[in-house]
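See below for the structure under consideration.
The values are calculated or read from the model by the stated rules, or taken from the named source; none is laboratory data. Being a predicted model, the structure only gives us computed values, none of them experimental. Ideal geometry is used to build each Cβ from the backbone, glycine not excepted, and the neighbour counts take in all protein chains shown. Heads up: the accessible areas ignore ligands, DNA and RNA and are worked out on the full protein's heavy atoms, side chains in. Shrake-Rupley method; radii C 1.70, N 1.55, O 1.52, S 1.80 Å.
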Amino acid sequence: MQEINKSTRLGWIGLGVMGQSMANHLLKAGYRLTVSTRTKSKAAQILAQGADWAQTPAEVAHQADVIFTMVSLPSDVRDVILGPQGLLTTARPGAIVVDMTTSEPSLAVLIAEKAREKNIESLDAPVSGGDIGAKNATLSIMVGGKQDVFNAVRPLFETIGKTIVYQGPAGCGQHTKMANQILVAAGIIGVCEALLYAWRAGLSLETALQSVSSGAAGSWGLTNYSPRILQGNFEPGFYVEHFLKDLGIAIRESERLQLNLPGLQLAKQLYDQVQAQGYGRKGIHVLQLALAHINDLTWDPQIQNG
Ligand code: NAP
């Protein structure tokens, strides 16, 4: 197993809401970094700070020993790792591929098998903590793969996150993330319904939040989403279309495990409606507007009771 130190050459693919900040932490920690992403303009900032550019994932793997991916959908993960211009076409034996995208557990297992055929190591390491966690390097990172590979990569995870936990063999990181998304689904519905109820009942949202967020109902979602909802700021954050991707994966996995999870199904139905109302590229807290719409109301917390 390669020992990771400051001469280890790192690669990063996917510079969106999350990847920008995460890759930046590695660069600031003093590692040499080669980056690539679909829309090159999104790399401008990190290139100005000293990262190198590569045109394709294959080119990144040609230059790097440990390569991270933080792209959008499972189909993108397939492309950048297993595709004809993907990482596995050029990665050297002993290289480590770390996929931090929220993706399918079965795809993580397939990547581990394909990588092993070439003596390349892989980890599935999705994250939780949102854009704020990515900016502040406080993400929770849930990791599947071989324990010794996890141990080797751990110092790199420590520059990006705060809670870093090994979950088991390939796919277990993604399974843990699905459990996380089932929790997020239940939580965000509660946050938006409670705010709509409090508003309709004529309460001051600020004082109501002061009471409920410090009692048994307090949560990350309540603390971080309610200020944005009160300001009418529905920018991502976490895209509705990515959440729908996660809910779809969680439903397919729960079916495979012969589970019926009605709360998860309900969240998927609600978010299908949110998407149909044109909010796919907004943050998931935009459920507030969709719930108001279902009730023939227009969400405006400045106006009493709708
Ligand atoms: P994002 O802003 O859409 O970032 C994804 C980046 O990957 C984009 O820059 C995208 O390029 C690039 N990309 C996608 N497919 C690619 C491909 N085939 N080749 C090269 N680059 C590609 O999404 P994000 O919010 O950072 O989320 C990334 C992943 O983390 C998603 O799976 C999401 O579910 C998960 N996640 C998000 C959050 C959150 O709060 N945002 C929290 C935890 C986990 P373009 O710019 O051209 O689209």
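Details
- Alpha-carbon Debye profile of segment 80-127, log10 I(q)/I(0) at 0.17, 0.18, 0.31 Å⁻¹: -0.42, -0.48, -1.28
- 5 angstrom amide H check on residue 164, placed H, neighbours 5+ away: 141
- All C-alpha pair distances within segment 228-306, sorted into 5 Å bins from zero, spread as 3, 16, 23, 20, 16, 11, 6, 3, 1, 0 percent across the bins.
- Taking the chain as a Gaussian network of alpha-carbon nodes connected by springs under 10 Å, the highest mean-square fluctuation of the residues 115, 276, 194 belongs to 276.
- For the chain, calculated [θ]222 nm from helices alone, where every DSSP H run of n ≥ 4 adds -39500 (n - 2.57): -15500 deg cm²/dmol
- Centre-to-centre, using Cα atoms only, segment 85-123 and segment 165-243 are separated by 32 Å.
- For the set 6/245; 40/268; 135/268; 135/245, the pairs lying more than 30 angstrom apart at their alpha carbons are 6/245; 40/268.
- Probing with 1.4 Å while keeping every protein chain in the model, the per residue accessible area of the chain equals 45 Å².
- nm² value of the averaged projected area, convex hull over the Cα atoms of the chain: 16.1 nm²
- Segment 12-81 and segment 267-291 have Cα centres separated by 29 Å.
- Straightening the chain between residue 82 and residue 63 buys 5.1 nm, computed as 0.36 nm per residue apart minus the Cα-Cα spacing.
- Candidates 106, 204, 226: whichever shows maximal mean-square fluctuation once the chain is modelled as a Gaussian network with Cα springs under 10 Å: 204
- Point-charge dipole on Cβ atoms (K/R +1, D/E -1) for segment 2-53, about Cα centre, debye to 20: 120 debye
- Taking Cα centre as origin and charging only the Cβ of basic (Lys, Arg, +1) and acidic (Asp, Glu, -1) residues, the dipole magnitude of the chain rounds to 500 debye.
- Note on the chain: with a GNM built from Cα contacts shorter than 10 Å, the maximum mean-square fluctuation among 295, 180, 151 falls on 295.
- Model label sites at residue 89 and residue 217, defined 7 Å from Cα along the beta-carbon direction, differ in position by 5.4 nm.
- Overall form of segment 42-137 per C-alpha gyration tensor (a/c, 1.5; a/b vs b/c): oblate
- Based on C-alpha pairs under 8 angstrom that are at least 6 apart in sequence, the chain has a relative contact order of 13 percent.
- Three-way shape label, segment 1-99, alpha-carbon gyration tensor, a/c 1.5: oblate
- Around residue 199: net Lys/Arg minus Asp/Glu count, Cβ-Cβ under 12 Å: -2
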